[in-house]
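J.: Please find one structure pasted underneath; my questions will follow.
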Amino acid sequence: YSVVWFVQGNGFHVIDFNEYQIRKGRMFLVNPNQINNWSYADNCEGYTLMFAKSLASQLGIEFLKPYIDVEKQDTSLLQLVFENLIRDCKLDNDDLQHKIMTSIQYFYSLIADKVHDEAFTSKNTAIFRQFKELILTNDFKIQSMDKYADTLHISTAVLNIICQNLSGISAKQLLLDLKLTEAKRLLLYSRLNINEISFQLGFEDSSYFARIFKKKALLSPSLFQKKYRKQPGKSCKHPL
């Protein structure tokens with residue numbers, strides 16, 4: 001997990017091929033397995049915090065929004081938390097791990113209301129996280145929504161409600177979005193051909209995969225790869 005907070009500056013941050021503007025006070029929240037890169041001005045200043053998935057699970061941390069805008073009255077307290085983390089990381093004593101964990105937990109408590117909307121509950125967030133993990137770790141096969149719901153011990157209707165509340169889209173659309181984001185990553189950064197990518201992501205019919213991909217990306221997989229794949233000696237454009 002990573003947190004990047006800009007206290008000043010401007011530019012753009014791309015998360016899972018979606019572009020967001022960098023501005024003063026904006027804090028970006030990136031979950032594991034998300035693709036992200038930056039383009040920002042030289043005058044940017046701020047803080048970066050990274051921590052392991054195991055710690056996030058232990059503390060119940062899950063980012064459901066790509067960014068939040070920190071209000072002016074909250075800036076001083078959050079800066080103090082980050083400065084304390086920087087100071088603690090330089091220490092070498094038996095309490096270091098406990099101090100850092102406590103500081104991260106306190107930091108998350110300060111932003112939790114902004115990260116989650118009114119539909120948030122810890123149980124629903126846990127189910128939502130488990131559903132995404134099932135999608136991302138179950139390569140080579142796409143299950144039916146009934147199968148995913150059974151694995152999570154809930155009904156398909158409840159799974160859809162949770163996904164709608166926490167992501168704004170249905171469970172099926174979330175599955176396709178996550179799979180197609182991974183497809184973009186593989187098209188740009190792997191040596192797999194399109195048929196191999198289709199199979200790895202669980203699409204039994206590569207032509208169906210190509211149609212779904214084109215509908216989402218507005219380009220066929222081959223044209224997307226040709227347009228955005230980094231060539232030797234050339235910079236890679238951001239596929240937005």
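The values are calculated or read from the model by the stated rules, or taken from the named source; none is laboratory data. As the structure is a computational prediction, the values presented were derived from the model and not from experiment. Cβ: placed from backbone, ideal geometry, glycine included. Neighbour counts: every protein chain shown.
J.: For region 159-179, state whether one or more residues are touching a residue at least 12 places away in the same chain (Cβ under 8 Å) and basic (Lys, Arg).
T.: yes
J.: Just to check your reading of the model, which residue among ILE194, ILE111, ILE162, ILE142 is among the β-branched types (Val, Ile, Thr), surrounded by 16 or more Cβ atoms within 10 Å (Cβ to Cβ) and at pLDDT 90 or above?
T.: None of the others qualify; the one that does is ILE194.
J.: I want to confirm something. Restricting to region 124-176 and keeping residues that are of a type in the set (Val, Ile, Thr) and not in a helix (DSSP H, G or I), which single residue is farthest from LYS114 (Cα to Cα)?
T.: Among those that are of a type in the set (Val, Ile, Thr) and not in a helix (DSSP H, G or I), it is ILE142.
J.: Sticking with this structure for a sec: Scan region 221-237 and tell me whether some residue there is touching a Cys at 6+ places or on another chain (Cβ under 9 Å), at pLDDT 90 or above and assigned to a loop (DSSP other than H, G, I, E, B).
T.: No, every residue in region 221-237 fails to be touching a Cys at 6+ places or on another chain (Cβ under 9 Å), at pLDDT 90 or above and assigned to a loop (DSSP other than H, G, I, E, B).
J.: Tell me whether region 159-168 contains one or more residues that are touching a Gly at 6+ places or on another chain (Cβ under 8 Å) and β-branched (Val, Ile, Thr).
T.: No - not one qualifying residue is present in region 159-168.
J.: Among (1) crowded, with 16+ Cβ neighbours inside 10 Å; (2) assigned by TED's automatic domain parsing to the domain that holds LYS141; (3) at pLDDT below 90, there is one condition LEU187 misses while meeting the rest; what is its number?
T.: LEU187 satisfies every listed condition except (3).
J.: In addition: Can you tell me which residue is modelled with the lowest pLDDT among those in region 80-104 that are in contact with a helix residue (DSSP H, G or I) (Cβ under 8 Å, 6 or more places away or on another chain) and more than 19 Å from VAL4 (Cβ to Cβ)?
T.: LEU91
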